[in-house]
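K.L.:
Supplied in structure tokens, the structure appears directly below.
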Amino acid sequence: MEIRPIISALMRSKVALILIGLQIALTLAIVCNALFIISQRVEAMNRPSGVNEADTFKIGSLGFGTGFNTKNAISEDLALIRSVPGIRDATTINSLPMNNSGWSEAVNMAPGQKVPTTVTAIYFVDDHGIDAFGLKLVGGRNFKPEEIAYREPGSVGFPQGVIITKALGEKLWPGEDPVGRQMYLSDGSQPPQTVLGVIERMIAPWPGNFSYNGDRGVVEYSVLVPQMGAYGSSTAYLVRAEPGRRDELMKTVEAKLAESNHSRIVKGLQSVEAIRAECYSDDRAMMIILATVILCLLTITALGIVGMASFWVTQRTKQIGTRRALGATRTDILRYFLTENFLITTGGLLLGALLSYAFSLWLMTHSQEAKLLPWHYLPAGFVCLWLLGQIAVLGPATRAARVPPAVATRSV
């Protein structure tokens, strides 16, 4: 089929050609970038926390009585929780992965270091912390009971022995075993901390916006500190149940804590799975919005192609009849409109490729989380919109192919 006559025919309707081309270009740019954003959100939401989420839950205590002793309450509560049949372990906590609230500290390799090497999340636990969280110890050892201390309110220093994540160890000592190495938490004015053990993974409480100097990998940097503490008279515990018994034991633990001490309020009962769902609720909402936008854009683009093709079929009815009278088959007419639409779509897609990267660069300048659009999104977008265009024009093209040769003899 000759391409030049098709192009010549298109140039007689430049306004419609430009409008539908721009529509296709904008659709490609927005759809590709929206799909990339959705894929990034899915990747973030599926990031493993390192914690046994299926069997764990948190519960808190807020003392209000004049005789309430927080330090004693912690020891009594832990003993009580661990004695409940079906409870595997429990520990005090100051925060949780994906909790969106917690403690972070600068990490230095030498005292007096002006610019920190990186930052890390801080988790205060006892010697039951690794088992309660369901963490995997991959190097060194766990805390010993005699190393656990009570963190007094207002304390600024840290114990000399800590446990770190594998990612943090690789950041501080690339390719080397971190166990036995020393680092400085905060400004380095206090004695250094020695790495006693290494856990495989434990992400920070803020998986969505925790970064340092553009390094998003800090979400994997965590330090376990062997201290139990409280915020005033408020304490929190992480409890790990035997597999399949979490929901059953949540209410049991809540009731036993409430009965054991009437000078406090038991609050904040929540599974870690629920914490994950809450943490990523905004991401899910954004994904739904973007998916809706994509669907609407593709629908509008398809309707635009249908409308344009239908208009041109109506305008060219006598011309189509003349071609049929001169020997063109229905297949020739159908192929003509499909080719015409393919050329229009291709022109719009080429412009859309430029707009896609322009939009991606704009997003990078306005968001630290944004990344450059990967190249493979464009070929996928091209194929999808080519198919969409051909399917959309198929109806009007089929109608054009049914125009009888006799139409050419009719006067207008």
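K.L.:
With helices defined as uninterrupted DSSP H runs, which ones in the chain have an alpha carbon span along their own long axis of at least 24 Å and mean Kyte-Doolittle hydropathy of at least 0.0? Mind showing how you got there, number by number?
P.N.:
On the way: long enough: 14-45 (46 Å, 1.70); 281-315 (51 Å, 1.46); 330-366 (52 Å, 0.77); 377-401 (35 Å, 1.24).
Flagged H segments are 14-45, 281-315, 330-366, 377-401.
K.L.:
Using Cβ contacts closer than 10 Å as the measure, can you line up 308, 109 from fewest to most?
P.N.:
109, 308
K.L.:
For the stretch 150-227, give the magnitude of the charge dipole about the Cα centre (Cβ charges: +1 Lys/Arg, -1 Asp/Glu; no others), in debye to the nearest 20. List each step's numbers first, then the result.
P.N.:
Values: 6 positive and 8 negative charges, 21 e Å.
Magnitude of the dipole: close to 100 debye.
K.L.:
Calculated from DSSP H runs of 4 or more alone, at -39500 (n - 2.57) each and per residue, what is the 222 nm mean residue ellipticity of the chain, nearest 500?
P.N.:
Details: 11 runs with 195 residues, N = 412.
The helix contribution divided over the chain gives -16000 deg cm²/dmol.
K.L.:
Which of the aspartates and glutamates could a cross-linker bridge to residue 136, judged by Cα under 13 Å and excluding same-chain residues fewer than eight apart?
P.N.:
Reachable aspartates and glutamates: 200.
K.L.:
How would you classify the chain from its alpha-carbon gyration tensor, with a ≥ b ≥ c the square roots of the eigenvalues: rounded for a/c under 1.5, else prolate if a/b is greater than b/c, otherwise oblate? Walk me through the intermediate numbers first.
P.N.:
On the way: a/c = 4.22, a/b = 2.69, b/c = 1.57.
Prolate, because a/c is 1.5 or more and a/b exceeds b/c.
K.L.:
Moving to a separate point now. Considering only DSSP beta bridges where both residues belong to the chain, give the percentage that are antiparallel (nearest 5).
P.N.:
Numbers: 34 of 47 bridges.
Taking every DSSP beta bridge within the chain, about 70 percent pair in antiparallel fashion.
K.L.:
State whether the stretch 97-230 is rounded, prolate or oblate according to the following rule on the C-alpha gyration tensor (a ≥ b ≥ c being the square roots of its eigenvalues): a/c under 1.5 gives rounded; otherwise a/b larger than b/c gives prolate, and the remaining case gives oblate. Please report the intermediate quantities before stating the final value.
P.N.:
Working: a/c = 1.20, a/b = 1.13, b/c = 1.06.
Here the stretch 97-230 falls in the rounded category.
K.L.:
Sort the stretch 159-201 into rounded, prolate or oblate with this rule: let a ≥ b ≥ c be the square roots of the eigenvalues of the Cα gyration tensor; rounded if a/c is under 1.5, and if a/c is not under 1.5, prolate when a/b is larger than b/c, oblate otherwise.
P.N.:
Values: a/c = 1.99, a/b = 1.66, b/c = 1.20.
Prolate, because a/c is 1.5 or more and a/b exceeds b/c.
K.L.:
Now for a separate question. Give me 150, 231, 123 sorted ascending by neighbouring Cβ count inside 10 Å, so fewest comes first. Mind showing how you got there, number by number?
P.N.:
Values: 150 14, 231 11, 123 26.
In order of increasing Cβ crowding within 10 Å: 231, 150, 123.
K.L.:
Counting other C-beta atoms within 10 Å, which of 101, 356 has the fewest, and how do the rest follow?
P.N.:
Working: 101 9, 356 24.
Lowest to highest Cβ neighbour count: 101, 356.
Since every read-out is calculated from the coordinates, none of them should be taken as a lab result. Since the structure is predicted, the reported quantities are computational estimates derived from the model, not experimental observations. In this analysis, Cβ positions are derived from the backbone assuming ideal geometry, glycine residues included, and neighbour counts consider all displayed protein chains.
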